[in-house]
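Derivation of every value follows stated rules applied to the coordinates shown; laboratory data play no part. A quick note: this is a predicted structure, and the numbers were derived from the prediction, not measured. Using ideal geometry, Cβ is built from the backbone for each residue, glycine included, and neighbour counts are taken over all protein chains shown.
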Amino acid sequence: MWVIPVSTMAKKEAIVIYPAPWVTHHASMVELANLLHIHQPSLYIHILVAAIPSQPLFSASASASSAITFNNLPTVDLHPPTTHLDTLHFDFIRLNIPNLRRSLLTISESYTLNAIIVDFFCSRSAFEVASDLDLPAYCFYTGAAGSLASLLYLPTLHNKFTQSFEDYRDLLVDIPGVPPILSSDMPSPILKRNEMYEIFLDISTCLTHLAGIILNTFEYMEPRAIKAIANGLCVPNSATRPLYCIGSFIANAAAGGGDGVPECLKWLDSQPSKSVVFLCFGSAGFFSMQQLMEIAVGLERSGHRFLWVVRNPPSENRNLGIDEEVDPDLISLLPLAFLDRTKDRGYLLKSWAPQTAVLSHDSIGGFVTHCGWNSVLEAVCAGVPMLAWPLYAEQRYNRVLMVEEMKIALPMEELETGLVCSTEVEKRVKDLMESKEGDWVKERIIAMKNAVRVAVNEGGSSRIAVAELFKSWKQK
Ligand code: UDP
């Protein structure tokens with residue numbers, strides 16, 4: 001066992017936060033650091049940054065205080081050209097285990113380390129390093145409690161089914177705390193029994209050995225899933241790890257980057273209240289040219305105002321994480337004269353939007369989202385009803401949670417080919433903005449928005465969970 005050196009001098013108390021090398025995960029964990037700092041300003045927080053050279057964690061390293069510091073881990077020898085992006089990330093995380101261990105030892109020479117909080121995807125690293133160092137390790141899961149339930153339950157499902165989820169047609173999978181899930185809606189990395197699946201099985205096993213799991217969600221939003229996990233239903237054969245539901249916290253809604261107010265926000269100022277549909281699909285949502293055309297036609301026919309973030313169609317290189325982002329040529333990607341015809345009620349953004357600022361603008365009346373968990377939370381905090389259009393990762397699963405369980409979204413339904421046709425876009429946008437069904441979703445999201453405020457204020461469930469988290473590592 002490696003033992004953290006003990007010094008007789010009083011050291012400052014600190015924790016270490018270790019994000020996974022995806023930009024949105026990194027950003028979430030920086031927000032987590034900011035939140036913990038607000039609740040305990042005397043605590044020093046070291047964020048360990050491990051970035052894949054071709055994928056810098058741009059602009060995500062912003063913190064509220066000098067008590068939060070960023071420590072870059074040394075580079076590791078990674079050979080990307082032939083590896084698939086997802087497995088490449090896990091190779092990278094594994095290769096960084098010695099760096100993580102060395103960093104913890106170095107930090108502990110100057111600080112009393114209370115705990116380490118790692119991204120869910122780094123749970124294997126935490127398991128190996130923290131037990132060596134006798135340090136409580138917590139996992140921060142950047143998704144919904146409902147999707148965590150499926151991952152915790154994976155070893156049980158693994159024993160129950162003999163084939164890949166994708167091989168079962170129309171099978172409903174029962175998972176504690178969530179509605180029945182179609183096998184094809186299970187999180188995409190575990191659809192097929194391959195290397196990724198094995199990695200997730202391993203993570204699931206490691207989780208049962210950690211000191212606790214921290215979630216960016218709150219009780220009112222996911223009561224059934226939270227209860228099922230907390231009561232041990234998802235890990236029937238192991239001790240239940242404590243759950244800390246400390247959300248919802250989101251990135252600051254300032255316009256972000258650059259000087260002055262972005263043009264799109266000025267445009268929103270000139271639109272009527274709750275009249276604009278916002279379409280934005282996360283950090284990795286890309287559409288084929290055909291799909292872009294269908295969206296454009298559907299939006300135009302809906303007759304509603306829109307603010308749409310348009311990206312270039314995907315390319316082979318992007319799959320390997322090689323960023324070749326160039327501004328999309330809107331004229332060639334969209335139907336002939338679309339821009340002219342919609343110029344009075346549509347605004348197109350190339351590649352990226354200041355999403356949190358847009359969502360909190362009064363003119364936004366609906367959000368077409370890829371169902372990434374940060375985006376869902378941002379919409380909830382802004383009280384914006386959603387159309388759920390999943391694209392990758394656990395987003396199809398999230399659609400089920402958002403539509404059937406939380407009732408904060410209407411679904412966007414794709415054809416078997418994956419294409420969402422223009423008539424579906426038109427219909428769903430109208431449903432959200434004009435129909436009774438849309439009104440129910442609006443009512444529900446406003447209730448959710450109010451519940452977030454209650455949860456994060458004095459005496460609220462999330463506030464209590466943060467206090468319990470601090471207490472837990474003190475009791476080690
Ligand atoms: N985001 C943004 N502008 C964009 C696209 C995304 O600011 O044009 C931000 C969004 O506000 C959210 C994050 O990127 O905080 C996306 O995270 P999410 O979990 O929704 O999806 P992911 O990108 O991880 O799939």
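Sorting 283, 363 on the 10 Å Cβ count, fewest up front, what's the list?
283, 363
Can you pull the Rg over Rh of segment 95-251, Cα-only, Kirkwood?
Looking at segment 95-251, the ratio lands at 1.00.
Using the basic label-point model (7 angstrom from Cα toward the beta carbon), what is the residue 419 to residue 350 distance in nanometres?
Output for this residue pair reads 2.8 nm.
Among 371, 381, 139, what is the fewest-to-most ranking by other Cβ atoms within 10 Å?
381, 139, 371
Give me the dipole magnitude in Debye, nearest 20, for segment 87-177 about the Cα centre, with unit charges on the beta carbon: positive for Lys and Arg, negative for Asp and Glu.
I would put it at about 100 debye.
Where does each of 38, 116, 226, 464 land when they are ranked from fewest to most other beta-carbon atoms within 10 angstrom?
Ascending number of Cβ neighbours within 10 Å: 38, 464, 226, 116.
Hey, with R₀ at 41 Å, roughly what FRET efficiency would residue 315 and residue 10 work out to, going by the Cβ-Cβ distance, to 0.05?
0.15
Treat each spin label as a single point 7 Å out from the Cα along the C-beta direction, and report the residue 54 to residue 340 distance in nm.
For residue 54 paired with residue 340, the spin-label model returns 4.2 nm.
Determine the gain in length on full extension of the stretch residue 65-residue 158; use 0.36 nm per residue of separation and subtract their C-alpha separation, reporting nm with one decimal.
Gain in length upon complete extension: 29.1 nm.
Along the Cα-to-C-beta direction of residue 169, a point sits 7 Å from the Cα; which residues of segment 386-422 have their amide N less than 15 Å from that point?
416-417, by backbone N distance to the label point.
Using 0.36 nm per residue of separation minus the Cα-Cα distance, give me the extension gain between residue 437 and residue 332 in nm, one decimal.
34.2 nm
For segment 383-476, which GluC sites (Glu not before Pro) pass both filters: DSSP loop (anything but H, G, I, E, B) and at most 12 other C-beta atoms within 10 Å?
416, 458
Would you mind getting me the FRET efficiency between residue 95 and residue 450? Use the beta-carbon distance for r and R0 = 51 Å, nearest 0.05.
Approximately 0.65, to the nearest 0.05.
Any idea how far apart residue 471 and residue 269 come out in nm if each label point goes 7 Å out from Cα toward Cβ?
If labels sit at residue 471 and residue 269, their model points lie 4.8 nm apart.
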